[in-house]
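> Here you go, one structure.
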């Protein structure tokens, strides 16, 4: 096949969004899991936003002039995030995905990102193999958690909406936990009024951009992240992602009635620091 990769434009949003929906639906249902997106309009809206956002780099794959897939790179932070990457089910297993990944890796190199990360569907063995071949290492096994809002408070921990005045303190928490900040995502979340912080002993000890699929959280301790989860009004999208090796936090979620909806895997290429605290990754990382 003659595969052509080009930069995406807003005009590609509808066709790429429909491919995104079809691809995720096909692989999820083939393994007995619910699709990540409930209807085509959801990924169409998502990709419309990404293709119009200068902080995201989007590429599109074409075969004989027909769009067959797309991939994105989040460039808001020192560590870049890949996804969503999707390929039309009719042309999967013909190296389209490999070409789309090569394109964003070229972008990572050209812009000197210290590292790049992604989240992989745990049941999708083909993508796991592809990413490993491309130099990604498995860092965390994740559980996507969903359920009713907990309305649980953690003694000594106060959760409130985040403001711009909190950015420096939140970045310090992220730096302490991960060795880098995620300032770009945090600022966007504060602007959307979805971000929260947790205070303990008079200072900010954790934050969440949103407790859900597209948000991340970082905390100095499990208690802080529990407070953020416990105060969330809902778990946006398919749910929030939880590193399962954090047994204390995982068991706490299960005891409070949350359920695992699917397994996922955090993978990285380039700079990676072993986390020194509690965290919830987003679907990007």
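The values are calculated or read from the model by the stated rules, or taken from the named source; none is laboratory data. The structure presented is a predicted model; accordingly, all values stated were derived computationally and were not measured. Cβ sites come from the backbone with ideal geometry, for glycine too, and all protein chains shown count toward neighbours.
> Given the structure, is residue 150 part of a helix (DSSP H, G or I) and either more than 23 Å from residue 259 (Cα to Cα) or assigned by TED's automatic domain parsing to the domain that holds residue 228 (or both)?
Working: part of a helix (DSSP H, G or I): no; either more than 23 Å from residue 259 (Cα to Cα) or assigned by TED's automatic domain parsing to the domain that holds residue 228 (or both): yes.
When the stated conditions are applied, residue 150 does not pass them.
> What is the residue count in the range 222-252 for residues that are surrounded by 23 or more Cβ atoms within 10 Å (Cβ to Cβ), part of a helix (DSSP H, G or I) and in contact (Cβ under 8 Å) with a residue 60 or more places away in the chain?
Total satisfying the criteria: 5.
> For the range 182-190, state whether one or more residues are surrounded by 21 or more Cβ atoms within 10 Å (Cβ to Cβ) and within 22 Å of residue 156 (Cβ to Cβ).
no
> Go through the range 156-170 and report how many residues are surrounded by fewer than 17 Cβ atoms within 10 Å (Cβ to Cβ) and touching a residue at least 40 places away in the same chain (Cβ under 8 Å).
2
> State the number of residues belonging to the range 210-221 that are crowded, with 24+ Cβ neighbours inside 10 Å and either more than 19 Å from residue 264 (Cα to Cα) or at pLDDT below 95 (or both).
1
> Mind telling me which of the residues 133, 176 ends up being in contact (Cβ under 8 Å) with a residue 40 or more places away in the chain and either within 23 Å of residue 56 (Cα to Cα) or surrounded by fewer than 19 Cβ atoms within 10 Å (Cβ to Cβ) (or both)? So that I can check it myself, show each step before the final result.
Working: 133 fails: in contact (Cβ under 8 Å) with a residue 40 or more places away in the chain.
Exactly one residue qualifies, and that residue is 176.
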